[in-house]
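Asks: What follows is a single structure, and I will ask about it in a moment.
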Amino acid sequence: MNLLKKYTGWFVLGTLALYLISVTQLISVLLPTILAWSANIAMWHTLAPSAKRQVSWLMIIGSTALLFAGSQGTWMTWQQVFAVNIPMLAMFVAVSFLDLTNTADKSSELPRGFKAILNTALGVQVLGAIINLSVILVFADRMKAANKLSPVQQFILTRNFASAAWWSPFFVATGIALTYAPGMQWQKTLIPGLVMGIVAIIFSTTEAFHRTKGDFKGYPIKRESLFIPVFLALSVILFHYIWPNISILVLICILAPCATILLINTNSRKDSLLKFVNHKLPQIGSQFALFLAAGIFSNGISAIILSYPELFNLNNFTFNPPLFSFVLAAMIIVGIVGVHPVVSIAIASPMLLPLNPDPTQLGFLFLSAWAISAGSSGLTGLGLLMTSRYQIPTKVIVTNSLHYAIFMWVLCCIVNWLFL
């Protein structure tokens, strides 16, 4: 165990490296799977008690369901149970490298007014789309006063950060959608997703200005800070156009670390990378635990559904706009009350796939559920961060964004109906 803890970061990095090698079929996916679970064991002690409880329940329920389904003659393969989320974990490790390109500027005064609100909303979405969760910490730590964010600052950050899930290929939600909606074409959701992201910015900025009358302290965005996100997004699109047979997820796994090594601004790339592997990568235990547990849970649910097809038979339904609207509403509601989007997606996917839905529509459903519930809930990752670190009560987070969730749900249903 001590050996595992000492080299945890290298087990995490090995998960990414061996996954990419397994894509070429030179090695079995068993090897990155073993490394991922070994890293999960090594990082278990770093998890918060609430995260340990959630992960434990997911594993217990999933394992029980798998054993029960097995007693009925339905057995899942080890790849389905233990390796289903390995590609998404590899992507998460890859985009974690981009944290090395993020530098906080604490020398300038905080801007105020409508422009400050708009720039903060735009900046947290664009930067968050690439660098992910660390951007929230950078923005919030810079903006807070007396160790506390205002509720308006909170919803500007969380709504717009989560909205990047609609369009960013570097967001974890995209990896989940590509995994649980096989055949999804991310390019077809890019324009609708960008529209949803822009609407989220406009809606939140307008509301924040109305509530604060312009007395809002925002984050000091600089033009050069947007270079890396735009560069990487264009790189993904370009390389996918050149090599369409290589999946978006694999491209991200390759491009994110390579771009970091090229663009990192440091005196010693080697020292910075070693510090990152040894000290930063071992801090992503909650993501590893959650996604590995969700793989067991989702396949347990799938096994039960396969064991009792008549009970979960949706043959009388088609994946049409009304069903899209109903499922999305249900996923948003359970997300707001604390069920992580990856869990609700894991439940919905095996029930909807037998309907032969359009993979891109199904993927847009999952992206929408993630973007809206993560931006509106006080009990999932972002909400818990705001509650524990910045003293924003859970009730305030939910009441702040309930109307936002309803508005964006309606808009998603319209976009799906008209454009997908």
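Asks: Using the structure shown, decide if ALA140 is buried (at least 24 other Cβ atoms within 10 Å of the Cβ) and not aromatic (Phe, Trp, Tyr).
Replies: In short, no.
Asks: Output the number of the condition that ALA329 fails; it satisfies all remaining conditions of (1) open to solvent by 20 Å² or more (accessible area, probe 1.4 Å); (2) in contact with a helix residue (DSSP H, G or I) (Cβ under 8 Å, 6 or more places away or on another chain); (3) at pLDDT below 80.
Replies: (3)
Asks: Then there is this: Considering only the range 358-394, how many residues are of a type in the set (Ser, Thr, Tyr) and closer than 25 Å to LEU178 by Cα?
Replies: So the answer is 6.
Asks: Turning to a different aspect of this structure: Report, by residue number, each residue of the range 260-279 that is of a type outside the set (D, E, K, R), in a helix (DSSP H, G or I) and open to solvent by 100 Å² or more (accessible area, probe 1.4 Å).
Replies: Passing the criteria: LEU262, HIS279.
Asks: Could you list, in sequence order, the residues of the range 204-218 that are touching a residue at least 24 places away in the same chain (Cβ under 8 Å) and either under 22 Å from the mean Cα position of the chain (by Cα) or part of a loop (DSSP other than H, G, I, E, B) (or both)?
Replies: Once the filter is applied, which keeps residues that are touching a residue at least 24 places away in the same chain (Cβ under 8 Å) and either under 22 Å from the mean Cα position of the chain (by Cα) or part of a loop (DSSP other than H, G, I, E, B) (or both), the range 204-218 yields SER204, GLY214, ASP215, PHE216, GLY218.
Asks: Check whether at least one residue in the range 178-195 is touching a residue at least 40 places away in the same chain (Cβ under 8 Å) and within 30 Å of VAL396 (Cβ to Cβ), and report yes or no.
Replies: The answer is yes; a qualifying residue exists.
Asks: Of everything in the range 349-389, what is within 20 Å of VAL55 (Cβ to Cβ), of a type in the set (A, V, I, L, M) and free of Cβ contacts under 8 Å to residues at least 60 places away in the same chain? Give them in sequence order.
Replies: LEU379 - this is the single residue of the range 349-389 that is within 20 Å of VAL55 (Cβ to Cβ), of a type in the set (A, V, I, L, M) and free of Cβ contacts under 8 Å to residues at least 60 places away in the same chain.
Residues are listed down the side, and each one gets a yes or a no for (1) touching a Leu at 6+ places or on another chain (Cβ under 9 Å); (2) charged (D, E, K, R); (3) under 25 Å from ASN416 (Cα atoms):
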| position | (1), (2), (3) |
| --- | --- |
| VAL199 | yes, no, yes |
| ILE237 | yes, no, yes |
| ILE246 | no, no, no |
| LEU255 | yes, no, no |
| ASN267 | no, no, no |
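To keep it simple, each residue is scored yes or no on (1) at pLDDT 80 or above; (2) within 22 Å of the chain's Cα centre (by Cα).
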{"residue": "SER63", "(1), (2)": "yes, no"}
{"residue": "ALA69", "(1), (2)": "yes, no"}
{"residue": "ILE86", "(1), (2)": "yes, yes"}
{"residue": "ILE117", "(1), (2)": "yes, no"}
{"residue": "VAL124", "(1), (2)": "yes, yes"}
{"residue": "LEU127", "(1), (2)": "yes, yes"}
{"residue": "ALA146", "(1), (2)": "no, no"}
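Asks: Which ones in the range 364-393 are among the aliphatic types (A, V, I, L, M) and either touching a Pro at 6+ places or on another chain (Cβ under 7 Å) or modelled with pLDDT of 85 or more (or both)?
Replies: Scanning the range 364-393 gives LEU365, LEU367, ALA369, ALA371, ILE372, ALA374, ILE392.
Asks: Now a separate question. Is at least one residue of the range 376-383 open to solvent by 10 Å² or more (accessible area, probe 1.4 Å) and part of a helix (DSSP H, G or I)?
Replies: yes
Asks: Next question. Quick test of your reading of the structure: LYS188 fulfils all but one of (1) open to solvent by 60 Å² or more (accessible area, probe 1.4 Å); (2) over 22 Å from the mean Cα position of the chain (by Cα); (3) charged (D, E, K, R). Name the failing condition by number.
Replies: Against the list (1) open to solvent by 60 Å² or more (accessible area, probe 1.4 Å); (2) over 22 Å from the mean Cα position of the chain (by Cα); (3) charged (D, E, K, R), LYS188 comes up short only on (2).
Asks: Quick check on this structure: which one of SER325, SER344, SER401, SER368 is over 17 Å from TRP167 (Cα atoms), among the small types (Gly, Ala, Ser) and within 15 Å of the chain's Cα centre (by Cα)?
Replies: SER344
Asks: While we're looking at this one, here's another question. Cβ-Cβ below 9 Å, separation at least six or inter-chain, first residue in the range 239-252 and part of a loop (DSSP other than H, G, I, E, B) and among the charged types (D, E, K, R), second modelled with pLDDT under 80 and open to solvent by 30 Å² or more (accessible area, probe 1.4 Å): which pairs?
Replies: none
Asks: Additional query: What is the one condition in (1) among the charged types (D, E, K, R); (2) in a helix (DSSP H, G or I); (3) more than 25 Å from LEU255 (Cα to Cα) that GLU109 does not satisfy?
Replies: GLU109 satisfies every listed condition except (2).
Asks: So which residues in the range 134-190 are outside any loop (DSSP other than H, G, I, E, B), closer than 22 Å to VAL95 by Cβ and among the polar types (S, T, N, Q)?
Replies: Within the range 134-190, SER134, THR158, ASN160, SER163, THR174, THR179, GLN187, THR189 qualify.
Asks: From the list ILE221, ILE198, which one is hydrophobic (A, V, I, L, M, F, W, C), out of contact with any helix residue (DSSP H, G or I) (no Cβ under 8 Å at 6 or more places or on another chain) and either in a loop (DSSP other than H, G, I, E, B) or open to solvent by 10 Å² or more (accessible area, probe 1.4 Å) (or both)?
Replies: ILE198
The values are calculated or read from the model by the stated rules, or taken from the named source; none is laboratory data. Every value quoted in this text rests on a predicted model; they were computed, and no experiment measured them. Cβ atoms come from the backbone with ideal geometry, glycine included; neighbour counts cover every protein chain shown. Ligands, DNA and RNA are excluded from the accessible area calculation, which covers all protein heavy atoms including side chains. Shrake-Rupley method; radii C 1.70, N 1.55, O 1.52, S 1.80 Å.
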